[in-house]
Amino acid sequence: MSTETLNSAADLRAFLHGLPGVDQVGAEERAARLASRSIKTTAKAAAIDLAISMVDLTTLEGADTAGKVRALCAKAARPDPSDASVPKVAAVCVYSDMVEVAVTSLAGTGIGVASVATAFPSGRAPLEAKLADTRAAVAAGAAEIDMVIDRGAFLAGDYGKVFEEIVAVKDACGSAHLKVILETGELATLDHVRRASWLAMRAGADFIKTSTGKISPAATLPVTLVMLEAVRDYRTATGRQVGVKPAGGIRTTKDAIKYLVLVNETAGPDWLTPDWFRLGASSVLNDLLMQRRKLATGVYSGPDYFTLD
Amino acid sequence: MSERLAVRKTYKLFIGGAFPRSESGRSYVVTDAKGRFIANASQASRKDARDAVVAARKAFAGWSGRTAYNRGQILYRVAEMLEGRRDQFTTELRQTGLTKPQANAEVDAAIDRWVWYAGWADKISAVAGAANPVSGPFFNFSTPEPTGVVAVIAPDSPLLGLVSVVAPAIVSGNTTVVVASEPAPLPAITLAEVLATSDLPAGVINVLTGHRAEITPWLASHMDVNAIDLTGAPTGHVHDLEEKAAENLKRVLRPQDADWTAEPGTARMTAFLETKTVWHPVGV
Amino acid sequence: MTVFEYAPAPESRAVVDIRGSYGLFIDGEFTDGHGEPFKSINPADESVLADIACADEADVDRAVRAARAAYDKVWGPMPGRERAKYLYRIARIIQERSRELAVLESIDNGKPIRESRDVDVPLVAAWFFYYAGWADKLAHAGFGSDPRPVGVAGQVIPWNFPLLMLAWKIAPALACGNTVVLKPAETTPLTALLFADICRQAELPPGVVNIITGAGDTGRTLVAHEGIDKVAFTGSTEVGRQIARTLAGTNKRLTLELGGKAANIVYEDAALDQAVEGIVNGIFFNQGHVCCAGSRLLVQESVADDVLERLKTRMATLRVGDPLDKNTDIGAINSAEQLTKIKELSEAGEAEGAGRWSPPCDLPSQGFWFAPTIFTGVAQSHRIAREEIFGPVLSVLTFRTPDEAITKANNSPYGLSAGVWTEKGSQILWTAQRLRAGVVWANTFNKFDPASPFGGYKESGFGREGGRHGLEAYLNV
């Protein structure tokens, strides 16, 4: 069992505050340095396919309909109708009331359905409502639950509350994988990101995820760097591997490849699979497809040649 | 009734706050301008020079670690005490051939010079330091720090020249080994007597008297001396002293024509300052 | 597990045009040298790049005379605002030709293109921009109301940052109204010669900048020449000592930027991941060919194992190889001679009982290469803790208390730079205050800026380069 029993909130607090600090300027410098890696030719081709396979294709709009979700699922299974060699994406991510539509649409594709839950994106609801949300999504067939932490409690220093809530949601997930969204844009500092990462992992997270996509800034390279350091150190300390998912703000192939370089040189190659690294995004997929075709044909393509779903 | 027999003074060295004789047991005759005997002064040896450097090094951490305000206070206190020794200094200067008004003027100037430098203690950093606008998320500042142990070969202007080379060296936190004027060493020892009863910590100023040509090469070549002021270096020895000083890359202040009555400027202080620049990131 | 192999990403060489041979740049013209010509080679593959003229005594004399004439007739009398515009012009051309300069620097020196492109060349342009602005403001620099130039400067620079050291020397000298004769290192003359071309492009008056190539003899002749008023040298402490001796008893002014053996102090409460980056950047930047390299890691014992594990993990990701590959982190050692020295000191480290470790890495068969290396269990008494290795070799020592860290850090004849890592503000300032070093990087390392004074304590030399302080060396004050 990956969830730890919390001995006391004071112990947890002492642990989190005892983690090494993060120097913002140094972390940003390191992220920028890695972002300057030049990934070309064969490496670029491999990276594009890897990135496509890691995409959690996402629609999280108030205006979502069954039709919109079905279209997204079709895209997920066959991103480029004209090229069967394009890998399928990792998962489709929807609101909990759309899980059933997505599960039906993706039957037989091997693509999982991820559902946001726990009063996404704010997380401001009674725990019972969050748990009910989670149970409904799991009952509808969600293989992965993307929960949000209580940032208010975290910023108020009430780490015990945040911890217990993650434990409760993890319990409600049953066999579904739990991704814990830290909403790093609201945590504001990298020290907070590191503490929240450890808190989530110790509470049982299978994945830690940067953002809801509803808050700016969403995923950034420095934040993801710090989270990758956290999962690396957590595995060293406990032997358990936790995945990482940057979400929001990843729009271009160049962006996606920067994240892969970050994974490769921070957490290491063990994380370079869809099991352990995901890209929460939607628009990036078409850019990956367009760059993929450029590499294959040698000429630049255009948006009319890729489906808008 | 016979005239009272004067009690003659033995002039000794000043090392680590104490007044030892030269370990060599030697002394030399100091005469007045007309060649008449005044006193025997200690003739320091290389071992005395060595001991003085050890004393100066020992004093360095404490003196440079004082607040600038405290150094300024201590130096100002020295000036107050110099004032109380006017008559003795005047007498000693007259023995070197100055008239009474000349000697008085030189004592005035020397005390004023000391006060002038005392006031620099907590200002030189503001003048010689800087906050540097670097291109990046860093706070970057430069502060002057004392070089360390400075060997000072004092000029033959026995009081004004002496304080004009010693005060700027120590005001910023350096400690010194001073080689006094060879023909007129007495004001230097009198100054040492003032210092010994002042609040200046032992070892900050050490005074050697004797033959400059004998002592200075040992200071110039000493590997634990950080800088050397050649102002009073014997003519013809500068080249050799500089060559010796090169061995551990001492900071060398070359002899220059000096008008000791002129406003000195900051050059004698900055000659024995290192600039330290510290970088730190600015972030959350 | 997926292996993410980075395909070769070589920067194109097409942007540089290396001539078969180069002369001396004197009085605005490339002229023949009369010493025995030598070859500049590419340290990454040992191929010959060009034949380089060698300046003999008469050539040095010619260069000094040209500099003197330019000083007397043109540059000295020129108003500061006009000098400023020449320097701005040079800065702009450097930016315009930045790719060419970066590629040539990497080819001649062996440093990774990422560094020459992102660090060296941008700093070179920045240095000229910075000092250009001083040229007509010297009266406000705190050196009197009308500070005068020194005259003709003889400048001798090393091979580790060939173009950057040229900028550090030439920009402030020209801004203050001096003219220069500069000798680049014999293994890395090419960017200085390209800079000569930039001076012509900027229509800098002939003789203001003269570049003479050659080895130690040429440098000795230059610093001893009676026609120069000031010597500026960056290089080894041993040569610095010789120059100081040479100048003894003369009126020539001298500034020296010499060796170092910097302590990089990591306290137990440091931001460890950034500290590890700082350690890596401190010692492996530019293959460790850095006088201010953080070559002695002083780590608090309570976190030593953790830091070392993190450091080793990080070192395993360093990419050693083709300097022109954009993903290379560590390039070639500059010369066979330097490689021999690094190997010799590393062997001494092993012989003295320190533990040697390098990550697995394939080194090219041609050229001069050395894997990034750390030595653990190093004692203060070991040669590798005292002598400057000037290569990618880190000595790891431990300490227990802040006082012990300071004592060990300062226990060196050098005093150029130091690093300190802690999240505790008061401890940073306490440590920085006690370190006897001219540059202290706190929670960062190896940062440079034209506005920031740089230079050493003790046997690391004297004088400062950069900032307002950097003007003093070139003004008659």
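The values are calculated or read from the model by the stated rules, or taken from the named source; none is laboratory data. None of these values were measured; they are calculated from a predicted model. Glycine gets a Cβ as well: all are built from the backbone with ideal geometry, and neighbour counts include every protein chain shown. Surface accessibility is based on the protein's heavy atoms, side chains included, excluding ligands, DNA and RNA. Shrake-Rupley method; radii C 1.70, N 1.55, O 1.52, S 1.80 Å.
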Checked A:195, A:202 against criteria (open to solvent by 10 Å² or more (accessible area, probe 1.4 Å), within 14 Å of another protein chain (Cβ to nearest Cβ) and basic (Lys, Arg)); the one match is A:195
Scanning region B:192-245 residue by residue, those polar (S, T, N, Q), over 15 Å from residue B:162 (Cβ atoms) and either part of a loop (DSSP other than H, G, I, E, B) or open to solvent by 30 Å² or more (accessible area, probe 1.4 Å) (or both) turn out to be B:197, B:198, B:221, B:226, B:235
Flagged in region B:5-60 as open to solvent by 50 Å² or more (accessible area, probe 1.4 Å), polar (S, T, N, Q) and part of a loop (DSSP other than H, G, I, E, B), in numbering order, are B:10
All-but-one check, residue C:11 against (1) under 27 Å from the mean Cα position of the chain (by Cα); (2) within 14 Å of chain A (Cβ to nearest Cβ); (3) of a type in the set (Asp, Glu); (4) open to solvent by 60 Å² or more (accessible area, probe 1.4 Å), failing number (4)
Of C:372, C:392, C:450, C:402, the only residue that is away from chain B (no Cβ under 13 Å), open to solvent by less than 50 Å² (accessible area, probe 1.4 Å), more than 27 Å from residue C:351 (Cα to Cα) and modelled with pLDDT of 95 or more is C:402
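Residue-wise test of (1) touching a helix residue (DSSP H, G or I) at 6+ places or on another chain (Cβ under 8 Å); (2) buried (at least 21 other Cβ atoms within 10 Å of the Cβ); (3) facing chain C (nearest Cβ under 8 Å); (4) not β-branched (Val, Ile, Thr).
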{"position": "A:23", "(1), (2), (3), (4)": "yes, yes, yes, yes"}
{"position": "A:46", "(1), (2), (3), (4)": "no, no, yes, yes"}
{"position": "A:56", "(1), (2), (3), (4)": "no, yes, no, yes"}
{"position": "A:62", "(1), (2), (3), (4)": "no, no, no, yes"}
Check: away from chain A (no Cβ under 14 Å), more than 30 Å from residue C:336 (Cα to Cα) and not aliphatic (A, V, I, L, M) - does that describe any residue in region C:114-125?
Finding: no
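Any chance you could count how many residues in region C:428-447 are free of Cβ contacts under 8 Å to residues at least 40 places away in the same chain and either within 18 Å of residue C:267 (Cα to Cα) or open to solvent by 10 Å² or more (accessible area, probe 1.4 Å) (or both)?
Our first condition is that a residue be free of Cβ contacts under 8 Å to residues at least 40 places away in the same chain; within region C:428-447, this holds for C:428-430, C:432-434, C:436, C:438, C:440, C:442, C:447.
Add one more test, that the residue is either within 18 Å of residue C:267 (Cα to Cα) or open to solvent by 10 Å² or more (accessible area, probe 1.4 Å) (or both), and what stays is C:428-430, C:432-434, C:436, C:440, C:442, C:447.
Qualifying residue count, region C:428-447: 10.
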Checked A:295, A:288 against criteria (assigned to a helix (DSSP H, G or I) and open to solvent by less than 10 Å² (accessible area, probe 1.4 Å)); the one match is A:288
How many residues of region A:25-41 are surrounded by 15 or more Cβ atoms within 10 Å (Cβ to Cβ) and either more than 9 Å from every other protein chain (Cβ to nearest Cβ) or hydrophobic (A, V, I, L, M, F, W, C) (or both)? The answer is 6
From the option list A:279, A:289, A:272, single residue qualifying as touching a strand residue (DSSP E or B) at 6+ places or on another chain (Cβ under 8 Å), at pLDDT 95 or above and aliphatic (A, V, I, L, M) is A:279
If we ask which residues in region C:115-143 are part of a helix (DSSP H, G or I), charged (D, E, K, R) and surrounded by fewer than 24 Cβ atoms within 10 Å (Cβ to Cβ), their number turns out to be 3
The residue that is nearest to the other protein chains (Cβ to nearest Cβ), considering only those in region B:246-284 that are within 14 Å of residue B:165 (Cβ to Cβ) and of a type in the set (Phe, Trp, Tyr), is B:272
(1) open to solvent by 20 Å² or more (accessible area, probe 1.4 Å); (2) closer than 30 Å to residue A:26 by Cβ; (3) in contact (Cβ under 8 Å) with a residue 24 or more places away in the chain; (4) not aromatic (Phe, Trp, Tyr) all hold for residue B:276 apart from (1)
Expected single match for in contact (Cβ under 8 Å) with a residue 24 or more places away in the chain, within 14 Å of chain B (Cβ to nearest Cβ) and in contact with a helix residue (DSSP H, G or I) (Cβ under 7 Å, 6 or more places away or on another chain) among A:210, A:189, A:184, A:224 is A:184
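Given region C:188-285, what strands (runs of 3 or more DSSP E) lie entirely inside it while holding 2 or more residues that are on the phi < 0 side of the Ramachandran plot and away from chain B (no Cβ under 14 Å)?
Where strands (runs of 3 or more DSSP E) fall fully within region C:188-285 and carry at least 2 residues being on the phi < 0 side of the Ramachandran plot and away from chain B (no Cβ under 14 Å), they are C:209-211, C:263-266.
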Note on region A:83-94: residues of a type outside the set (D, E, K, R), in contact (Cβ under 8 Å) with a residue 24 or more places away in the chain and open to solvent by 10 Å² or more (accessible area, probe 1.4 Å) are A:86, A:87, A:90
Note: among B:135, B:142, just one is within 14 Å of chain C (Cβ to nearest Cβ), of a type in the set (Ser, Thr, Tyr) and touching a residue at least 60 places away in the same chain (Cβ under 8 Å), namely B:142
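Criterion first (modelled with pLDDT of 95 or more and under 19 Å from the mean Cα position of the chain (by Cα)) does residue C:178 satisfy it?
no
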Residue in region C:22-31 that is over 28 Å from residue C:153 (Cβ atoms) and in a strand (DSSP E or B) present: no
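From the list C:36, C:29, C:5, C:96, pick out the single residue that is within 14 Å of another protein chain (Cβ to nearest Cβ) and open to solvent by 60 Å² or more (accessible area, probe 1.4 Å).
Within the list C:36, C:29, C:5, C:96, the selection yields C:5.
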Among (1) touching a strand residue (DSSP E or B) at 6+ places or on another chain (Cβ under 6 Å); (2) surrounded by fewer than 20 Cβ atoms within 10 Å (Cβ to Cβ); (3) more than 8 Å from chain B (Cβ to nearest Cβ), residue C:425 falls short only on (1)
Of the residues in region A:103-123, those that are β-branched (Val, Ile, Thr), part of a loop (DSSP other than H, G, I, E, B) and over 23 Å from residue A:212 (Cα atoms) number 1
Listed by first then second residue, the pairs whose first member lies in region C:387-407 and is in contact (Cβ under 8 Å) with a residue 24 or more places away in the chain, whose partner is crowded, with 17+ Cβ neighbours inside 10 Å and hydroxyl-bearing (Ser, Thr, Tyr), with beta carbons under 6 Å and at least 6 positions apart or on separate chains, are C:393/C:346; C:393/C:373; C:396/C:376
For region A:104-126, indicate whether the set of residues that are closer than 19 Å to residue A:12 by Cα and either within 14 Å of another protein chain (Cβ to nearest Cβ) or of a type outside the set (Ser, Thr, Tyr) (or both) is non-empty. no
